[in-house]
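K.L.:
First the structure, then my questions, so here it is.
The values are calculated or read from the model by the stated rules, or taken from the named source; none is laboratory data. It should be emphasised that the depicted structure is a prediction, and the values quoted were computed from it without experimental measurement. Don't worry about glycine lacking a Cβ; one is built from the backbone with ideal geometry, like all the others, and counts go over all protein chains shown.
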Amino acid sequence: MATAPGSGGRGKLCVPRRRDGRALDKATVAVYQYSMLLHVNPASGVPTYLQIETQVKHYIAAGALVPGDALPSVRKLAADLRISTNTVARAYQNLERDGVLRTVQGGRTYVAENPGSFLKSERVRRLRPYARQIAVEGTQLRLEPREIMELVQQELDALEGVDERSGDLERETR
């Protein structure tokens, strides 16, 4: 959700405005926020439902989505992304099974109150394919293993900077 700058993802909602300065209506704001939030690339080789899952998890980790935030309905997101409702439903079901999202009666989906409390073995199992993908891509680009590790470390350092600024995420010590 878009919030006022410096609010750490909480606080006053920053409402997009028309060129003439008038605030957009609530429905338009919701479409604006979510259409800017999730994107899929059918040519990436990564299944579309996994792209959605990964992006939702990323936005939660970055503090852009906080517990209690509503996500668009399956039909709405599918229409916005021009993909099958079954694909979005699969992503939402997987995220709900993992405890990242919760669905309430009536079909609304929200970020869970305590997302991502997985066992370490489950977290490692889920991360392994991405680690393999990074290793394969780096090798194909003829990077040295040391260079690949440095890139990953830089990304981890950048995430830690986000964690410290937002104050919302707790990071286990390595």
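K.L.:
Going by the structure shown, is Arg82 in the same structural domain as Ser44 (by TED's automatic domain parsing), of a type in the set (Lys, Arg), on the phi > 0 side of the Ramachandran plot and at pLDDT below 95?
P.N.:
Working: in the same structural domain as Ser44 (by TED's automatic domain parsing): yes; of a type in the set (Lys, Arg): yes; on the phi > 0 side of the Ramachandran plot: yes; at pLDDT below 95: yes.
Criteria met by Arg82.
K.L.:
Is it the case that Glu96 is at pLDDT 85 or above, out of contact with any Lys or Arg (no Cβ under 7 Å at 6 or more places or on another chain) and in a helix (DSSP H, G or I)?
P.N.:
Details: at pLDDT 85 or above: yes; out of contact with any Lys or Arg (no Cβ under 7 Å at 6 or more places or on another chain): no; in a helix (DSSP H, G or I): yes.
Taking the combined requirement at face value, the residue does not satisfy it.
K.L.:
Does segment 128-142 include one or more residues that are free of Cβ contacts under 8 Å to residues at least 60 places away in the same chain, among the aromatic types (Phe, Trp, Tyr) and assigned by TED's automatic domain parsing to the domain that holds Val40? Break it down stepwise before answering.
P.N.:
Step one: of segment 128-142, the residues free of Cβ contacts under 8 Å to residues at least 60 places away in the same chain are 128-142.
After this cut, where a residue has to be among the aromatic types (Phe, Trp, Tyr) as well, the list is 130.
Those still in the list that are assigned by TED's automatic domain parsing to the domain that holds Val40 too: none.
Scanning segment 128-142, I find no residue that is free of Cβ contacts under 8 Å to residues at least 60 places away in the same chain, among the aromatic types (Phe, Trp, Tyr) and assigned by TED's automatic domain parsing to the domain that holds Val40, so the answer is no.
K.L.:
Which condition number does Ala43 fail, the rest of (1) at pLDDT 85 or above; (2) aliphatic (A, V, I, L, M); (3) surrounded by 13 or more Cβ atoms within 10 Å (Cβ to Cβ) being met?
P.N.:
Of (1) at pLDDT 85 or above; (2) aliphatic (A, V, I, L, M); (3) surrounded by 13 or more Cβ atoms within 10 Å (Cβ to Cβ), only one is false for Ala43: (3).
K.L.:
With respect to Arg90, determine if the residue is out of contact with any Gly (no Cβ under 7 Å at 6 or more places or on another chain), among the basic types (Lys, Arg) and modelled with pLDDT under 95. Can you show your working first?
P.N.:
Working: out of contact with any Gly (no Cβ under 7 Å at 6 or more places or on another chain): yes; among the basic types (Lys, Arg): yes; modelled with pLDDT under 95: no.
When the stated conditions are applied, Arg90 does not pass them.
K.L.:
Within segment 44-81, how many residues turn out to be touching a helix residue (DSSP H, G or I) at 6+ places or on another chain (Cβ under 7 Å), touching a residue at least 24 places away in the same chain (Cβ under 8 Å) and either over 30 Å from Leu156 (Cβ atoms) or outside any helix (DSSP H, G or I) (or both)?
P.N.:
5
K.L.:
Given the conditions (1) more than 15 Å from Pro47 (Cβ to Cβ); (2) surrounded by fewer than 16 Cβ atoms within 10 Å (Cβ to Cβ), report the number of the one that Leu71 does not fulfil.
P.N.:
Answer for Leu71: the failing condition is (2).
K.L.:
If you take the residues of segment 82-93 that are assigned to a helix (DSSP H, G or I) and small (Gly, Ala, Ser), which of them is nearest to Val111 (Cα to Cα)?
P.N.:
Quick first cut of segment 82-93, residues assigned to a helix (DSSP H, G or I) only: 85-93.
Filter once more, so that each one left must be small (Gly, Ala, Ser): 89, 91.
Details: Ala89: 15, Ala91: 13 Å.
Out of the qualifying residues, it is Ala91.
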